[in-house]
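Asker: One structure, pasted below without further comment.
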Amino acid sequence: MDAGRCFLFLLLPSFFFLPSQTQSSHSFTSVLVSQNGLDFVKNLLVNKAIASIIPLQIPRIEKSVKIPFLGGIDVVVSNLTIYELDVASSYVKLGETGVVIVASGTTCNLSMNWHYSYSTWLPPIEISDQGIASVQVQGMEIGLSLGLKTDEGGLKLSLSECGCHVEDITIELQGGASWFYQGMVNAFKDQIGSSVESTIAKKLTEGVSDLDSFLQNLPKEIPVDDNAALNVTFTSDPILRNSSITFEIDGLFTKGETNQFLKSFFRKSVSLVICPGNSKMLGISVDEAVFNSAAALYYNADFVQWVVDKIPEQALLNTARWRFIIPQLYKKYPNQDMSLNISLSSPPRVKISEQYVGANVNADLVINVLDASQVIPVACISLMIRGSGALRVMGNNLGGSVSLEDFSMSLKWSNIGNLHLHLLQPIVWTVIQTVFVPYANDHLEKGFPLPIIHGFTLQNAEIICSSSEITVCSDVAYLDSSQQPQWRLKLPRSTTWKPNL
């Protein structure tokens, strides 16, 4: 990482302090960075910046000076290198058109080589000397003005102004007749200061350009599995409030052309992210439309159906067990094995309130008789299942579980006459509890990724439910990229449920 990018990273949190009046009706996830979050990122990046900016090479300086009794002397300062840097403080100030960032009280230590030569005319000989020197720069102030806005779903960074000012320089020579030539080299103070200023300003400019390229190349989708991804395009410019910055992103599950249908169906604006006391570094608000977009996507892709031919109470899948419940079934197919097909008849609907996270699921339960190699559908029951959910954060994923609250049934069609549905209720309850709920929880517990920058992980996360959305309030820790977990979830088109008995 070059020096310019490091200085830029040192002040990176302040890039987000940009006012905006733009609002979007296409945002379903909001990410709020509190003042504590900005302070954390700043402290982290200051340490990383100082470690990675060293060494910084300053261009060599050549100068001719007049020395009494000696005349003109050619002096060269080379191998001028910043090897130590300390930033006392930095702050961010909001300007009229962007943000002003200042790092003040900065000191740096440099090393350099010096060499001089001159020729006498009587007798004509060349005289030279050389040595090394240490340089200390004090009271350095670095400032820049930046703008950040959205550009085709990504972020674009621009640099309005950039500057560096050196307050004072001390040079101490070593080697040669350094005690004699100290005054001569002190004449280079202004030029060394100017070179330090221009080199740092140049690196900052290059760093802004590099970071702009990095931001524009951020992925606009986060893969969830082989069938879906999260749309993480930015929908409006960052929003500045008193002590926090909010980023609004699309946030819906997507798969190519399906995304437009989901957007039009779930168009809703995300409300203000609120974490009590702003004590947490980060707040991520997820609208219930995000969960419903996932349900609609998998439903449209026909990934939510099951073939059940093995259950813990296997005797239930034989017509003999049903002879008192559906006598005509046993009479027509005595002692025949059975299977059940469960498929969703519409996308599940998730509802979030302050006290409750629930889901309504409409499904069709088809009863099949297995006659030799033939599967014979005999009846179809429509189910309306109501479940309650529990959410939790696992790493950088939001997952959870569901439990059965109740369900209702109606007969959709039958080839074996009318059915007494109230007699079927215990069997259907058992099937839902032992098949449908465990299958759903097996995948829900894996969760889906929250929009967290790679290299950071959530810590001590809390979940707050409000009307139509949930908010994850969390602190943040930094991890090396090699420590980041990788996972993918694959949903099969159909499943034969086989428990470990």
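Asker: Could you grab me the full set of residues in region 433-480 that are under 18 Å from residue 298 (Cα atoms) and among the small types (Gly, Ala, Ser)?
Answerer: Scanning region 433-480 gives 440, 447.
Asker: Looking at 82, 67, 54 in this structure, which one is more than 30 Å from residue 237 (Cα to Cα), in contact with a helix residue (DSSP H, G or I) (Cβ under 9 Å, 6 or more places away or on another chain) and at pLDDT below 75?
Answerer: It is 67.
Asker: Can residue 340 be described as surrounded by 19 or more Cβ atoms within 10 Å (Cβ to Cβ), in contact (Cβ under 8 Å) with a residue 12 or more places away in the chain, outside any helix (DSSP H, G or I) and in contact with a helix residue (DSSP H, G or I) (Cβ under 8 Å, 6 or more places away or on another chain)?
Answerer: yes
Asker: Exactly one condition in (1) at pLDDT 85 or above; (2) open to solvent by less than 50 Å² (accessible area, probe 1.4 Å); (3) farther than 17 Å from residue 204 by Cβ is not met by residue 151; state its number.
Answerer: Of the numbered conditions (1) at pLDDT 85 or above; (2) open to solvent by less than 50 Å² (accessible area, probe 1.4 Å); (3) farther than 17 Å from residue 204 by Cβ, the odd one out for residue 151 is (2).
Asker: Please enumerate the residues belonging to region 258-314 that are at pLDDT 85 or above, over 26 Å from the mean Cα position of the chain (by Cα) and surrounded by 15 or more Cβ atoms within 10 Å (Cβ to Cβ).
Answerer: Of everything in region 258-314, those that are at pLDDT 85 or above, over 26 Å from the mean Cα position of the chain (by Cα) and surrounded by 15 or more Cβ atoms within 10 Å (Cβ to Cβ) turn out to be 307, 308, 309.
Asker: Could you figure out which of (1) open to solvent by less than 20 Å² (accessible area, probe 1.4 Å); (2) in a loop (DSSP other than H, G, I, E, B) isn't true of residue 335?
Answerer: Status for residue 335: all satisfied but (1).
Asker: Which one of these does residue 364 not meet: (1) of a type in the set (Asp, Glu); (2) more than 26 Å from the chain's Cα centre (by Cα); (3) open to solvent by 50 Å² or more (accessible area, probe 1.4 Å); (4) modelled with pLDDT of 90 or more?
Answerer: (3)
Asker: I'd like to know if region 487-497 contains one or more residues that are on the phi < 0 side of the Ramachandran plot and at pLDDT 85 or above.
Answerer: Within region 487-497, none of the residues are on the phi < 0 side of the Ramachandran plot and at pLDDT 85 or above.
Asker: A follow-up question, please. Anything in region 370-391 that is farther than 24 Å from residue 418 by Cβ, surrounded by fewer than 15 Cβ atoms within 10 Å (Cβ to Cβ) and not hydroxyl-bearing (Ser, Thr, Tyr)? List them, or say none.
Answerer: 372, 374, 386, 390
Asker: Cβ-Cβ distance below 7 Å, separation of 6 or more or different chains: which pairs start in region 277-303 with a residue that is in the same structural domain as residue 226 (by the TED database) and without any contact (Cβ under 8 Å) to a residue 40 or more places away in the chain and end on one that is in a strand (DSSP E or B) and small (Gly, Ala, Ser)?
Answerer: none
The values are calculated or read from the model by the stated rules, or taken from the named source; none is laboratory data. This is a predicted model, so every value here is computed, not measured. FYI the Cβ positions are ideal-geometry reconstructions off the backbone, even for glycines, and counts take in every protein chain you see. Ligands, DNA and RNA are excluded from the accessible area calculation, which covers all protein heavy atoms including side chains. Shrake-Rupley method; radii C 1.70, N 1.55, O 1.52, S 1.80 Å.
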